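The values are calculated or read from the model by the stated rules, or taken from the named source; none is laboratory data. Owing to the predicted nature of the structure, the values given are computational and were not obtained by experimental measurement. Counting neighbours? That spans all protein chains shown, and the Cβs are built from the backbone with ideal geometry, glycine included. Side chains are part of the model used for accessible areas, which takes the heavy atoms of the whole protein and leaves out ligands, DNA and RNA. Shrake-Rupley method; radii C 1.70, N 1.55, O 1.52, S 1.80 Å.
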Amino acid sequence: MTVIAVEDDKVLRFLQILLDPATPLERMNVFADYVAHDVDQQQWLAEARAQVPAVFPASVRLLANDADLRAALPESDALVVESMQIGAAELALAPRLKLIHKFGTRADNIDLAACAQRGVTVKTQRRRSNFAVAEHTMALILGLARQLHRLSGAVTVGRLQKLGYEYRKYDTRHTGANNYGRIGGLRVIRGMTLGLLGFGEIARELLPMALAFGLDVQYHRRNRLPADEEAALGIRYCSKQDLFAHSDIVSVHVPLQAATRGLVGAPELENIKPGAWLINTSRADIVDHDALLAALRSGRLGAAAADVHYQEPVAEDEPLLAFENFLMTPHFAGGPRQMLLGDMEEIAFNIQQALAR
């Protein structure tokens with residue numbers, strides 16, 4: 001039986017569901033419930049397994065740490081990793097290994113030269129959920145610009161009045177009749193400056209969308225990109241302080257770690273460009289809750305949008321719910337479940353192709 005070692009990740013566990021018939025029934029049932037609003041798991045399994053007959057069934061070994069990795073490598077035919085470091089020492093433990101599959105596009109954690117020397121194929125993957133999150137980030141930006149969260153359905157006189165807009169008909173003998181609700185404060189994002197805090201795979205997916213909408217894009221991260229890569233991407237580097245001081249929109253794209261918890265706090269939000277917007281599709285705790293609340297109350301922050309929250313579902317007494325300039329969605333930026341299942345199908349197919357060589 002084919003042995004596939006997989007870095008233990010809540011998404012990559014779907015490879016175990018897909019390929020390993022020894023997966024515990026409890027996990028199968030939990031994951032079926034997780035996808036049920038979008039996908040019938042049994043139907044998906046039947047169709048996806050039919051596409052990889054040389055790989056199903058397989059033994060999928062989940063790797064929680066480096067010790068698990070070293071223990072699994074001697075019997076592994078394929079390895080799927082996200083952040084685990086793979087170099088010559090690891091390859092020396094894996095005589096059967098034919099494929100290393102990176103769950104992402106950047107294989108910085110894999111020694112490509114050592115793999116080439118050993119004849120081990122390396123595959124990367126453009127994760128579908130990443131461009132779904134990027135799309136959602138753009139949707140939040142556009143939603144704030146047009147105040148869609150406030151104005152959806154405000155198309156009758158009564159509904160406009162409930163929002164505080166007193167309808168008066170325009171004299172169309174002399175003018176047009178557009179914006180009959182007389183909604184003020186609408187924005188066009190073309191020409192605005194978007195500041196990306198962090199520049200990982202989701203930010204890279206967002207960048208071409210932002211440029212297509214005419215946004216001027218700057219970024220900050222710990223390690224600056226090479227100048228030629230910045231030029232090719234059409235993006236410029238700035239300090240963290242300048243990112244907040246000179247961006248019309250700041251979008252958060254760093255992972256939640258000990259070092260990034262509260263990364264956006266009172267100093268950053270007190271320094272943010274007056275009237276700027278803050279977008280968070282990463283993790284709520286990267287932005288300090290009390291600092292965000294204070295910035296909205298003071299008016300320094302013009303608007304905010306978030307798909308991630310400090311408690312999920314959000315508590316009814318959450319004070320952030322009181323702000324009409326805060327657009328909130330229930331943590332669905334990653335898109336329908338077909339996104340992650342498509343990723344799993346692609347990995348399984350690539351494993352089949354590699355093992356056939």
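List of remarks:
- Any hit, the stretch 26-45, residues being under 22 Å from Ala356 (Cα atoms), surrounded by fewer than 18 Cβ atoms within 10 Å (Cβ to Cβ) and not aliphatic (A, V, I, L, M): no
- Number of residues in the stretch 168-203 that are among the charged types (D, E, K, R) and in contact (Cβ under 8 Å) with a residue 40 or more places away in the chain: the value is 2.
- Helices (runs of 4 or more DSSP H) fully within the stretch 1-105 counting 2 or more residues that are within 28 Å of Asn130 (Cα to Cα): 13-19, 25-35, 41-50, 66-72
- You will find that of Tyr237, Tyr165, the residue that is of a type outside the set (A, V, I, L, M, F, W, C), touching a residue at least 12 places away in the same chain (Cβ under 8 Å) and buried (at least 16 other Cβ atoms within 10 Å of the Cβ) is Tyr165 and no other.
- Selection of the stretch 30-79 for residues being more than 27 Å from Arg96 (Cα to Cα) and touching a residue at least 60 places away in the same chain (Cβ under 8 Å) yields Tyr34, Val35, His37, Asp38, Val39, Trp44.
- For Ala258, the criteria (1) under 21 Å from the mean Cα position of the chain (by Cα); (2) buried (at least 16 other Cβ atoms within 10 Å of the Cβ); (3) not acidic (Asp, Glu) hold in every case but one, which is (2).
- In the stretch 55-88, residue farthest from Asp20 (Cα to Cα) [restricted to those that are over 27 Å from the mean Cα position of the chain (by Cα), of a type in the set (A, V, I, L, M) and open to solvent by less than 70 Å² (accessible area, probe 1.4 Å)]: Ala88
- The combined condition, being among the β-branched types (Val, Ile, Thr) and open to solvent by 10 Å² or more (accessible area, probe 1.4 Å), is fulfilled by Thr121.
- Subset of the stretch 249-299 [closer than 18 Å to Gly198 by Cβ and of a type in the set (D, E, K, R)]: Arg261, Glu268, Arg283, Asp285, Asp288
Yes/no per residue for (1) touching a helix residue (DSSP H, G or I) at 6+ places or on another chain (Cβ under 7 Å); (2) aliphatic (A, V, I, L, M); (3) under 18 Å from Arg126 (Cα atoms):
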{"residue": "Trp277", "(1), (2), (3)": "yes, no, no"}
{"residue": "His309", "(1), (2), (3)": "yes, no, no"}
{"residue": "Phe323", "(1), (2), (3)": "yes, no, no"}
{"residue": "Pro330", "(1), (2), (3)": "no, no, no"}
{"residue": "Ala348", "(1), (2), (3)": "yes, yes, yes"}
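- Residue under evaluation Glu205, criteria (1) over 25 Å from the mean Cα position of the chain (by Cα); (2) open to solvent by less than 70 Å² (accessible area, probe 1.4 Å); (3) of a type outside the set (Gly, Ala, Ser), criterion not met: (1)
- Residue that is nearest to Leu18 (Cα to Cα), among those in the stretch 330-357 that are touching a strand residue (DSSP E or B) at 6+ places or on another chain (Cβ under 8 Å) and not hydrophobic (A, V, I, L, M, F, W, C): Asn350
- Residues in the stretch 149-159 that are part of a helix (DSSP H, G or I), in contact (Cβ under 8 Å) with a residue 12 or more places away in the chain and either of a type in the set (Ser, Thr, Tyr) or farther than 17 Å from Leu321 by Cβ (or both): 1 in all.
- Residue count for the stretch 268-291, restricted to those that are open to solvent by 10 Å² or more (accessible area, probe 1.4 Å) and either touching a Phe, Trp or Tyr at 6+ places or on another chain (Cβ under 9 Å) or among the acidic types (Asp, Glu) (or both): 8.
- Residues satisfying the stated conditions in the stretch 240-251, i.e. open to solvent by 70 Å² or more (accessible area, probe 1.4 Å) and over 20 Å from Arg187 (Cα atoms): Gln241
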